[in-house]
1. Restricting to the range 28-39, count the residues that are surrounded by fewer than 14 Cβ atoms within 10 Å (Cβ to Cβ) and either under 12 Å from ILE60 (Cα atoms) or in contact with a Pro (Cβ under 7 Å, 6 or more places away or on another chain) (or both).
2. Before we move on, is ILE157 out of contact with any His (no Cβ under 6 Å at 6 or more places or on another chain) and more than 22 Å from ASP61 (Cα to Cα)?
3. Restricting attention to the range 161-183, and to residues there that are modelled with pLDDT under 95 and closer than 17 Å to ALA91 by Cα, which single residue is least open to solvent (accessible area, probe 1.4 Å)?
4. Filter the range 46-73 down to the residues that are of a type outside the set (A, V, I, L, M, F, W, C) and open to solvent by 50 Å² or more (accessible area, probe 1.4 Å), then identify the one that is nearest to the chain's Cα centre (by Cα).
5. Mind counting the residues in the range 87-105 that are open to solvent by 10 Å² or more (accessible area, probe 1.4 Å) and not small (Gly, Ala, Ser)?
6. Can you go through ALA98, ALA150, ALA139 and tell me which one is under 16 Å from the mean Cα position of the chain (by Cα) and within 22 Å of PHE189 (Cα to Cα)?
7. State yes or no: is LEU143 at pLDDT 95 or above and part of a strand (DSSP E or B)?
Amino acid sequence: MCDLGRTPRRELPESIWEELPTLLPTLQTLTMLGGEPLANPSTMRFLREFDVSKYPDVAIDFVTNGALLTESVLARLDRCTLGDVTMSLNAGTAEVYARVQRGIAMERVLENLDALIAFRGRHHRWFGITLSFVVQPAASHTLIEFGEIAHARNVRIRLMALNPENHEGLDFYLEPDVVTRVLEDVDRFEAWARAVRPDWL
């Protein structure tokens, strides 16, 4: 599902970390995404060393799978001003999560989500938290459970269409029966959200 999931690994040039501080005085938002940004030691160093007193108007957004967003990592981001942290969950049950995500149990990711929410409560500035779901046949039937996870924690959601480019075997758009089933799952979720969280619509 990630744009870098099956493509060759591409590294940012190290020079970007020298250039970035020169841009910060004029930025409002800096978004870090692609692959897992928190797995990059340079990204983590940048976030740890970010100083809100030098750049009070910049908010850092990032998209993460949540695997590395532990309490100990969050403790090192105390001076970083966050705008929105989007956590890609992509499933509503542990069983389905194990099929569509790799490398960490859903229970651990939800523990990290709860740690992030607690961190926001004591952080120097409020920031958004969004749970993301890439809609696909392997997981769309768990959309309501996904919604219940987000609703219980009062966080925003983002539903995304699956981008099949460079993802051989995941493209279901040419199979009318599968598309119909996925759309039925989305319709059920919409009806549930209309009753429970109409602000998400």
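1. Qualifying residue count for the region: 2.
2. Details: out of contact with any His (no Cβ under 6 Å at 6 or more places or on another chain): yes; more than 22 Å from ASP61 (Cα to Cα): no.
Taking the combined requirement at face value, the residue does not satisfy it.
3. The qualifying residue least open to solvent (accessible area, probe 1.4 Å) is LEU162.
4. That would be GLU71.
5. Of the residues in the range 87-105, 7 are open to solvent by 10 Å² or more (accessible area, probe 1.4 Å) and not small (Gly, Ala, Ser).
6. On inspection, the qualifying residue turns out to be ALA150.
7. No; evaluated as a whole, the condition is false for this residue.
The values are calculated or read from the model by the stated rules, or taken from the named source; none is laboratory data. This is a predicted model, so every value here is computed, not measured. All Cβ positions, even for glycine, are placed from backbone atoms using ideal geometry, and neighbour counts span all protein chains on display. Side chains are part of the model used for accessible areas, which takes the heavy atoms of the whole protein and leaves out ligands, DNA and RNA. Shrake-Rupley method; radii C 1.70, N 1.55, O 1.52, S 1.80 Å.
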